[in-house]
Amino acid sequence: MKKLNLDELEEAKFKIDESAFKPRELTCSKCNTKMKNTEIEVALESGVFVKVNGFECTKCKKKYFGLDEARKLDRAMVLNRLLSKNFKMERNLSFDGDNWTFRIPKEFAHFVHDKKIEIVPLGAGEFCASVK
C-alpha cells in the first residue's frame, strides 16, 4: 500500500454556492426516481406536529429534508424537549438597577467569548436564548 505524502499535495480552492444546501429537486437514492416537493408533517414526542418542506419519493414514499429544513426540525425538537420540562436548570437572578441577569454555566458557554445572545420570548415567564 502506497503512503500518502501530504507535503506533495497541491492546494485546491473552491467556492460552495449558497443554494447548495437548499435543494430544488432531489432523486431518491433507493429508487433513482425524481422526488416531489412536499410539506411533511413530523410528530414530536409530546403530540406536537411540525410542518417542514421536503421531498417525498413517489414510489417508495421515502422522505428527505434539505439542510435548512433539517435545522428547523432540529430546533423544534430541542424546544419541544425543553418545554416538556424533562430538562431544566435553576439559576439565581440578579438585578443591577436596570436589568435582570443570570450566569450561564461555563460548561455550556466555553465558546461564547465576544458573541451576542438572541432572546426569543416563548410566553409569560419563558424565553429561549441562543448564542449568535
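Extension gain LYS22-VAL78, at 0.36 nm per residue separation less the Cα-Cα distance, in nm?
18.0 nm
Just checking my list [x] 8.4; [y] 9.9; [z] 15.6 against mean projected area of the Cα convex hull in nm² computed from this structure; which label fits?
Computed from these coordinates, mean projected area of the Cα convex hull in nm² corresponds to label [z].
In degrees, nearest 10, range 0 to 90: what is the angle between the Cα axis of helix 67-83 and the longest Cα principal axis of the chain?
Tilt relative to the chain: about 30 degrees.
Give me the percent relative contact order of segment 4-132, please, defined on Cα pairs under 8 angstrom at least 6 residues apart.
Relative contact order here is 13 percent.
What's the center-to-center distance, using Cα atoms, between segment 71-131 and segment 45-70 in Å?
About 28 Å separates the Cα centre of segment 71-131 from the one of segment 45-70.
FYI, it's all coordinate maths here, none of it is from the lab. Quick caveat: nothing in here was measured; it's all calculated off a predicted structure.
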